[in-house]
Amino acid sequence: MASKRTHVLIIGPQGSGKGTQAALVAPRLGLVHVATGDLFRALMASEGALAREVRSYYERGALVPDDLTVRVLLSRLEELDRCDPDYRGVLLDGFPRNRAQAEALDAVLRERGDELVAAIHLVVPRDVLIERLSGRLVCQQCGATYHRTFNPPRQPGICDRCGGPVIQRSDDTPEAIARRLDIYEEQTAPLLDYYRQRGLLIDIVGDRPIDEVSRAILAALAPRLGA
Ligand SMILES: [Zn+2]
């Protein structure tokens, strides 16, 4: 029987650097970075009953229900158990997004005998998020992202990685971004309360250089992971 897993969540709005930080800190903590967006993309490219079920929602343009998302996640955890019996746990990025999902996740982890030891919350001021997101550029061909000011492609309008056209998406206007952030905050506030009440929430200031943020996350998690 494998030892008990200890998992960590990372929560933050679009533009907070959440995915970047998750990818940087997970290997340094002995955790596997599990981004639910990547999980679904990989699943969509595969066969099998779970993939077919998810595809049926995508094809109708419907939202994937929470219980199905939880089953997708559970299948990934079971796969990790098989592939790497000694892994410590996952750094979960992109799930849960609301309180109902958090409760569903708890039920699954309880059943597995796993423990959630912390929820990292990346805190970035709203005006900084709007500045970051409104300068965002995306390659239409491969999806690579750039920033007009902080990380432009080497040749303007041309993707470094694939040579495809790099554009600003029409839904990245400051007004549209502000609306998305409003919706995010509304959904996330009860989620943050849920973890705060249980002593799991750790606020990390995300508005500073990437390596400083990483160090702060590692320092905050070390005692909880017994590192
Ligand atoms: Zn590209």
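All of the numbers you see were taken from the coordinates with simple rules; none came from a lab. Treat the numbers as computed from the prediction; the structure is a model and nothing was measured. Because the Cβ atoms are built from the backbone with ideal geometry, glycine has one as well, and the counts that use them run over all protein chains shown.
A few comments on the model shown:
- Taking the chain and dividing mean pair separation by its residue count, relative contact order in percent (alpha carbons under 8 Å, at least six apart): 29 percent
- Calculated from backbone phi, Karplus (6.51, -1.76, 1.60) coupling profile of the range 17-31 in Hz, x at Gly/Pro: x, 4, x, 4, 5, 4, 5, 6, 8, 3, x, 6, 9, x, 9
- Relative contact order %, the range 22-137, counting alpha carbon pairs below 8 Å whose residues are six or more apart: 33 percent
- Residue-wise HN-Hα couplings along the range 129-138, as the Karplus relation 6.51 cos²θ - 1.76 cosθ + 1.60 with θ = phi - 60° gives them from phi, are 4, 5, 5, 4, 6, 7, x, 6, 10, 10 Hz; Gly and Pro carry x.
- The chain: angle of helix 66-83 to the longest principal axis, Cα-based, in degrees nearest 10: 70 degrees
- In units of the compact-protein estimate 2.2 N^0.38 Å, the range 81-227 shows a Cα radius of gyration of 1.27.
- Compared with the dominant principal axis of the Cα atoms in the chain, helix 49-60 is inclined by about 40°.
- Applying both filters, DSSP loop and at most 13 other Cβ atoms within 10 Å, to the trypsin sites (Lys or Arg not before Pro) of the range 1-65 gives 4.
- Cysteines (scope the chain) whose Cβ has no counterpart Cys Cβ under 4.7 Å: 83
- For the chain, calculated [θ]222 nm from helices alone, where every DSSP H run of n ≥ 4 adds -39500 (n - 2.57): -16000 deg cm²/dmol
- Rounded to the nearest 10 degrees, the inclination of helix 174-197 to the longest alpha-carbon principal axis of the chain is 20 degrees.
- Net charge of Cβ neighbours under 11 Å - reference residue 202; Lys, Arg +1; Asp, Glu -1: +1
- Beta bridges by DSSP in the chain, antiparallel share as percent, to the nearest 5: 30 percent
- Rg/Rh ratio calculated on Cα atoms of the range 1-70 (Kirkwood radius): 1.03
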